[in-house]
Amino acid sequence: MSMSSARLRRGATIAVLAGTLAVPLTTGTASTIGTTGTAGAAPAAVPAALTADLPSPSSSEPAVRPLTPQVARQLDAAVQKVMHEANVPGVTVGIWTPGQPRYVRSFGVSDKSTGQKMTPDMYMRIGSETKTFTVTALLQLVDQKKVGLDDPIAKYIGGVPGENRITLRQLADMRSGLFNYTEDPDFFKALTSDPQRGFTPEQLLAYAFRHPVTFQPGQKFSYCNTNLILLGLVVEKVSGQHLGDYIKQHILDPAGMRHTLFPAGNELPAPHAQGYTRQTANGKEADAADWNPSWGWAAGAIISNLNDLRTWAPTVATGRFPGGQWMVSAATQKQRLITSQTGSVKGAGYGLGIFDVQGWIGHNGSLPGYESLTVYLPSTRTTLVALLNTDTGYRSQEPSTVLGKAITQVISPGHVYNLPVTRIG
């Protein structure tokens, strides 16, 4: 699902700071700035000259470089280089800074079988970015004094290992010590044997609760999808609404996000990109577009598109809806953004369902076939959104992490997105 989270199979190669639920280069037309462009689909080598002479950070340089035609060409080259090296079929990237031209580009194909081009209007599964919505719902209930962040989970949900010692805050900031259900071998077998089956939240928790806690609550950071399933159930119990209904009424509608949905089954609206994964029973690549994301539920089921995520990045990072009204209170948002370092990389930390990586605030997402990155740099009010139609790793990293690093090396060399990678199991 990602920050990155664990891959689906326990003992798989990596877990990144936050996003995984887990379980072709194009030359195209000339780069455009301030308009929407789509590049072609034929794999090719990237000319070295296009990736040379990237800037180094300077104390006198702005936090985000102006989006000149030269910078746009460097961005095109950086994206295409990652696609070529990591074998990514299709990518859409959007970058917006007030007072600057926008950069909105799609590269490659949305469907490898037909060669259909990737376009910026396509719906995509956004995996663990779902966590930002679920935790926002929880924080709204905190503001209404219906729940307390330091309440034990036992106050709302029974049968949780260590339930009297684990708080809602520890669930939201990934310090509960609970076992991650996506790492359970039986869960992996059940999902990959029938990817279109539905899972209930209670079934997901059963996979987790058959395992002992991995450490005492609050002892350390460990990215865990089980935490969000519990928080989703808390939102439902306290609000009296289904989680998807609550999120739509209290978050999506006020934000004007009309192309974001919490699916009931395996639906994926048109137009959408096909999603390619090797997280399968036989390890061979499959198209996961029609897989049922119910196994991710409150941790990873949401669908969205580029423009809605453009809205969401500053909304979740600031706590304010686009009209200026508070989505959560200023005091609660301040608590949300208190991040603790999660690994060996200085400047990368996790708060309440959100991360801060070298100043970029937001979340990433990954589940079979799809990856996403939605982040906001407050110092320049810059939004970066990237959407990919594969989750297959490259050099022990998620492709969205490799892409995010390449993009920020161009536009914000003093704030390079370098999500930590740690080995799991």
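Readers should treat all values here as calculations from the given coordinates under stated rules, not as data from a laboratory. These figures come from a predicted structure and were not determined experimentally. Ideal geometry is used to build each Cβ from the backbone, glycine not excepted, and the neighbour counts take in all protein chains shown.
Order 384-396, 237-249 from most to least packed using the mean count of other Cβ atoms within 10 Å. Show your work: numbers first, answer last.
Details: 384-396: 24.5, 237-249: 17.0.
Going from most to least packed, we get 384-396, 237-249.
In the neighborhood of R210, defined by Cβ-to-Cβ distances under 10 Å, what is the net charge if each Lys or Arg adds +1 and each Asp or Glu adds -1?
On the way: positive: none; negative: D184, D186.
Once all neighbours under 10 Å are counted, the net charge is -2.
The peptide list 264-272, 82-90, 63-71, put in order of mean Cβ contacts within 10 Å with the highest first, becomes 82-90, 63-71, 264-272. Taking a cut-off of 18 Å between Cα atoms, list the aspartates and glutamates near K237, but don't count ones fewer than 8 places away on the same chain. Correct list for K237: D143, D150, D151, E163, E202, D245.
Could you tell me how many cubic angstrom of Cα convex hull volume the stretch 285-425 has per residue? Write out the running numbers ahead of the final one.
On the way: hull volume 19.2 nm³, N = 141.
Enclosed volume per residue, from the Cα hull, is 136 Å³.
Taking Cβ atoms as reference points and 12 Å as the exclusive limit, the residues near A255 contribute a net charge of +2, counting Lys and Arg as +1 and Asp and Glu as -1. Taking Lys and Arg as +1 and Asp and Glu as -1, the other residues whose beta-carbon sits under 13 Å from that of T226 total -1. Compared with the alpha-carbon gap, the fully stretched path from N266 to Y394 is longer by 43.4 nm at 0.36 nm per residue.
Mind checking Rg over Rh on the stretch 24-422, alpha carbons, Kirkwood formula for Rh? Please list the in-between numbers first.
Details: Rg = 20.3 Å, Rh = 21.3 Å.
Rounded to two decimals, Rg/Rh equals 0.95.
Semi-axes, largest first, in whole Å: what does sqrt of 5 times each Cα gyration tensor eigenvalue give for the stretch 208-292?
Working: eigenvalues 145, 128, 26 Å².
Its equivalent ellipsoid spans semi-axes of 27, 25, 11 Å.
Longer than 24 Å from Cα to Cα, which of K145/K220; K334/K405; K81/K405; K145/K334 are they? Say none if no pair is.
Working: K145/K220 28 Å; K334/K405 27 Å; K81/K405 12 Å; K145/K334 17 Å.
Over 24 Å apart, Cα to Cα: K145/K220; K334/K405.
Highest mean packing comes first when the peptides 314-326, 103-115, 362-374 are listed by Cβ atoms within 10 Å, giving 362-374, 103-115, 314-326.
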